[in-house]
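**Student:** Questions regarding the structure given below will be posed in turn.
The values are calculated or read from the model by the stated rules, or taken from the named source; none is laboratory data. Please read all numbers here as calculations on a predicted model, not as lab measurements. Neighbour counts run over all protein chains shown; Cβ positions are idealised from the backbone, glycine included. Remember, those area values only see protein heavy atoms, side chains included, never the ligands or the DNA or RNA. Shrake-Rupley method; radii C 1.70, N 1.55, O 1.52, S 1.80 Å.
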Amino acid sequence: MKLKIPPPVLFLLCIVIIKLLPTTELLNFTFLVLASVLFFVGLVIALASLLTFWQAKTTVSPKKIEQASTLITTGVFRLSRNPMYLSLALWLLTWTIFCETLWGMLVVIGFIAYLTEFQIKPEEKFLVLNCQTKCNDFLK
């Protein structure tokens, strides 16, 4: 199965969809604090992910899975296999709160489901096959 919509494009599409949804008037101080925390946690996760990719000298492009040179298991990748996608999901939750629509939760769930099926599973399949090939070459 090939990736149909790149994650950044999908993220932007979800932002537009959430903005167009009917509001449910849930914005108060508590929700503003929650949204701010979600945004900054997502920012820290994203920056830590990019730094780890840079240090490992591997690609960060979700469209170029085959160019990945290293399986990263350090830093934020010890806690999440897909921290960059996690940060995007957190930002969508933040946007849902700021747009005051509970319907945005359905968009976030759809975003996660789509990424899982069309991005994460193909990445994992590639990594498994790549690891098996490297392990077999090593054992020869």
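**Student:** Picking from ALA48, ALA56, which residue would you name as being surrounded by fewer than 19 Cβ atoms within 10 Å (Cβ to Cβ), more than 23 Å from LYS4 (Cα to Cα) and at pLDDT 90 or above?
**Tutor:** ALA48
**Student:** Does LEU127 satisfy being open to solvent by less than 60 Å² (accessible area, probe 1.4 Å), assigned to a helix (DSSP H, G or I) and at pLDDT below 90?
**Tutor:** The answer is yes for LEU127.
**Student:** Something else now. Pairs please, first residue from the range 65-93 and at pLDDT 85 or above, second anywhere and open to solvent by 40 Å² or more (accessible area, probe 1.4 Å), Cβ atoms under 7 Å, 6+ apart in sequence or on different chains.
**Tutor:** Taking only residues 6 or more apart or on different chains, the pairs are SER80/LEU86; ALA89/ILE112; LEU90/VAL41; TRP91/PHE39.
**Student:** Here is a follow-up. Condition first: surrounded by 14 or more Cβ atoms within 10 Å (Cβ to Cβ), at pLDDT 95 or above and touching a Cys at 6+ places or on another chain (Cβ under 6 Å). Can you find one or more residues in the range 9-17 that meet it?
**Tutor:** no
**Student:** How about the range 3-43: which of its residues are farther than 20 Å from MET84 by Cβ and not in a helix (DSSP H, G or I)?
**Tutor:** Listed by number, the residues that qualify are LEU21, PRO22, THR23, THR24, GLU25, LEU26, LEU27, ASN28.
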